[in-house]
Structures are given as C-alpha cells and as structure tokens.
Amino acid sequence: MKVIEFSRYGIPHEVCACIEIDDLGAPEKGSIIVSVIACSINPADLLIIEGRYPGPESLPSRLGIEAIGDVLAVADDVKEVSPGDRVLLLDRQNWAEKVSTPASRVIRITKKLDPLQAAMMKVNPPTALLMLSDYVDLKPGDWVIQNAANSAVGLHLIRLAAQRGIRTINIVRRESAVAALDSAGADLVFVDSEDLAHRVRKEIGDSHLPLALDAIGGSSCLHLASCLSKGGKLVNYGFLSGDPCMITPLQAIVSSITLHGFWLVNNLFQGSPQKVEDTYSEVTELILAGTISAPVEATYKLEQVQQALSHAGRGGRSGKILFTPNLEYDDCLLYTSPSPRDRG
C-alpha cells in the first residue's frame, strides 16, 4: 500500500517520498478503513513540510490535511457509517491509498458531489464562509477587502459575498491575475502597492468597508488596514509572506482597527459537533448549487509526489493540485462553476 511521508523539514518536493507499507488489517474498535479517492495539496501542507505551520510532534510523519474516500470496512461497534459510504476525512494523514481512522473523525457526504471539489471542501469553503459571517454583521452594499484574492478562499469569498449583496475589493500580486477575478464576479481588483488605500478610496469614496481578510501578512496586511473604515476588523488567516502581521499605532488607536486571527481548528473544529455538521451541510449545498467551486490545474498519483509538490509550489498557477489515489475519472466533472454574473 502506498503512502506519502516526510522525515525532515525542508523543500517539499525534496523531502517527501512515496513509500510502500503493509496493507491495513481489520479496523480496530471505533475505527473504519477508507479507500482514499482524492486528496488536495493545501498551502498549509506545504508549510507543515517546511516547518512553518503547526504539524506533527515527531518525524517521520505522513501527510495530507484534506481528502475524501469510500468506506471499505467498519469495526463491529461502529454505527455512524457503513461500507460504501463516501466520507470527508478530518484527520491529517490522508496522502495514502487507504487510511484507518476513528469513525468520529469523518463526515458522511453525498456522492452527488464532484470528487475533486469534495476533496477540497474541508478547509477553504468553510474558511471563506465563517470569515464572512463571524466577525462583522455585514449588510448588503457593504464592502469587504481581501488579498490573495485569486486563491481558492478568495474565489469562494467573491461568490459568497455576491450571493449576499456584499461587494468585494480584491488584491492580487500580479496584473495577469486580474482578468480571471473579473470573470469570477469580483467588483474591484487591484494589484497591491503602497498607495492601495488612495486607489481604493478613489473608487468607493466614503462607502462602508468594515472587514479585511489577510492571507499574506507583512506589508500587504498593512495595506489592507489602511483601507478600512473606522472601527474595521482585519482578520489574518494565512502565512504566505512569512512576515508578521502589521498595523500602525495610528490605525489601532485613532481608527480603532483591530487585528484578529482565524484558524479553522479553533473557529470550527473546537466548536460543537453540530456546528461542524451544519457547516459542511451548507458547504455541500453551495457546491451542488454551483455557487462555489475551485479550479483544478492538475492531478497526480501518489508515486508522482515530487512532480506534484513541485507543481503545487509554483507561482502563477490557475488552479489546485491534487492526488488521486483511487479516482475513476468518469465520475469526475473537473468543472469550474459559473460566476454570479454568468448566472444573472
């Protein structure tokens, strides 16, 4: 049986390997065996391998934050799921042909979902959903600003905001990313710069801009803060630059800008099981309705781990990279949902 693991921290495609291990036996008490259909390469996976994100306590360790699969076998005491059920895997060692996991660490999902979209639903959709809802009571006509807007979270947020009548200001790091965001339904798109606040306010005037979402940190975080209305909230959810989040004393004291951190582990998984179930039910409905989806650039088999991780770490990609250990491609749509503008 194939699994991916790493034994030291470093450049992902240099320190990860696909290895053969013994096949899994019968599930232990409270556990199930799952055949992994598809698993994404999430930015957090890459940061874990580089040693820049909370990860395993010891090495070597297996990898993979996001995955879906079909249940192959269940222990006698397991009643929540049955063989043949499709499940979202909540633990972090999913880059494998099969996994053994507690039944309490999966969520049943419908087979109506495109498997690649389902394999990317654990992290990015609820991140966008909760950040848009949990910090500010946004009203139709309000503005939200975000950086890394061409990421999967960014695309989800554009579509969720449009559904609610909220307008988005979307910041990217290169001019070539602008057209795709326009097509996705973005209201305004800017390339990041020192004078971002001036350019934003030239477009929106004194309109209410109470929420900024930062995936980068450093000076990009500072630029977002400079755009916010008085009393605005700046939410950091990413490590992309590796630099500390920045706001000025003037922004904090005079403009009452506050900085918050978002981590799905804290903001969702430490809540009640019912909140987790309800959140993924909502995400499922949003995907099925075509409201949200994430583009896919390429898929790889586990034994192509070096090529896959090298591809995932490349700048300028147009979509996500996934492993597909046990995927029948006839069941896969490989779609990108229509933008809000296309749907009228």
Next item on the list: Return the carbon/sulfur percentage of the accessible area of the chain, one whole number, probe 1.4 Å, all protein chains in place.
Entry: 49
Check: Which net charge results for the neighbourhood of Pro126, defined as the other residues with beta-carbon distances under 15 angstrom from its beta-carbon, given Lys and Arg at +1 and Asp and Glu at -1?
Finding: -3
Note to self: Run lengths n ≥ 4 of DSSP H only: what is the helix-derived mean residue ellipticity at 222 nm for the chain, with -39500 (n - 2.57) per run over all residues, to the nearest 500?
What the structure shows: -8000 deg cm²/dmol
Next item on the list: Could you please report the charge total around Gly217, scoring K, R as +1 and D, E as -1 over all other residues with beta-carbon less than 12 angstrom from its beta-carbon?
Entry: -1
Next item on the list: Could you tell me which of rounded, prolate or oblate describes the stretch 190-245, using a ≥ b ≥ c as the square roots of the eigenvalues of the alpha-carbon gyration tensor, with rounded for a/c under 1.5 and, failing that, prolate when a/b is larger than b/c and oblate otherwise?
Entry: oblate
Notebook entry, point to check: How much of the DSSP beta bridge set in the chain is antiparallel, as a percent to the nearest 5?
Noted result: 55
Note to self: Given contacts defined as C-alpha pairs under 8 Å and at least six residues apart, what's the relative contact order of the stretch 1-138, whole-number percent?
What the structure shows: 27
Notebook entry, point to check: Using Cα-only point scatterers and the Debye equation, what is log10 of I(q)/I(0) for the stretch 22-117 at each q in 0.19 Å⁻¹, rounded to two decimals?
Noted result: -0.89
Next item on the list: From the C-alpha gyration tensor of the stretch 90-174, pull out the three semi-axes of the equivalent ellipsoid (sqrt of 5λ each), sorted largest to smallest, in whole Å.
Entry: 30, 15, 12
Next item on the list: Starting from the Cα-Cα distance between Ser7 and Ala179, subtract it from 0.36 nm times their residue separation and give me the gain in nm to one decimal.
Entry: 57.8 nm
Margin query: Per residue, how big is the convex hull of the chain when only Cα atoms are used? Give it in Å³.
Written below: 136
Next item on the list: Give me the compactness ratio for the stretch 153-209, meaning the Cα radius of gyration over 2.2 N^0.38 Å.
Entry: 1.11
Next item on the list: May I ask for the equivalent-ellipsoid semi-axes of the stretch 47-192, computed as the square root of five times each C-alpha gyration tensor eigenvalue and listed largest first in whole Å?
Entry: 35, 19, 14
Note to self: I need the semi-axes of the equivalent ellipsoid of the stretch 168-300: take the C-alpha gyration tensor, multiply each eigenvalue by 5, square-root it, list largest first in whole angstrom.
What the structure shows: 27, 21, 15
Check: What length, rounded to one decimal in nm, is gained on full extension from Glu282 through to Glu14, with 0.36 nm per residue of separation minus their alpha-carbon distance?
Finding: 92.7 nm
Item checked: Relative contact order (%) - criterion: Cα under 8 Å, at least six apart; region: the stretch 1-75 -> 42
Next item on the list: Anything over 22 Å Cα to Cα? Flag those among Lys98/Lys122; Lys139/Lys230; Lys2/Lys301; Lys79/Lys111; Lys79/Lys301, in the order listed.
Entry: Lys79/Lys301
Next item on the list: Grab the beta carbon distance between Asp23 and Glu328, set R0 = 25 Å, and tell me the FRET efficiency rounded to 0.05.
Entry: 0.75
Notebook entry, point to check: With N residues in the stretch 112-239, what two-decimal value do you get for its Cα radius of gyration over 2.2 N^0.38 Å?
Noted result: 1.00
Note to self: Over the Cα atoms, compute the radius of gyration (one decimal) and Dmax (the largest Cα-Cα distance, rounded to a whole number) for the stretch 129-174, in Å.
What the structure shows: 10.1, 31
Next item on the list: Counting only heavy atoms of the protein chains, get the accessible area per residue of the chain (1.4 Å probe) and round it to a whole Å² value.
Entry: 44
Next item on the list: Please report the relative contact order for the chain, taking Cα pairs under 8 Å with a sequence separation of at least 6, and give it as a percent rounded to a whole number.
Entry: 18
Next item on the list: When a/c is below 1.5 the answer is rounded, else prolate if a/b is larger than b/c, else oblate, so apply that to the stretch 1-51 with a ≥ b ≥ c taken from the square roots of the Cα gyration tensor eigenvalues.
Entry: prolate
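The values are calculated or read from the model by the stated rules, or taken from the named source; none is laboratory data. Predicted model, so just to flag it, every value in this text is computed and none were measured. Note that each Cβ is placed from the backbone with ideal geometry, even for glycine, and that neighbours are counted across all protein chains shown. All accessible areas refer to the heavy atoms of the entire protein, side chains included, with ligands and DNA or RNA removed. Shrake-Rupley method; radii C 1.70, N 1.55, O 1.52, S 1.80 Å.
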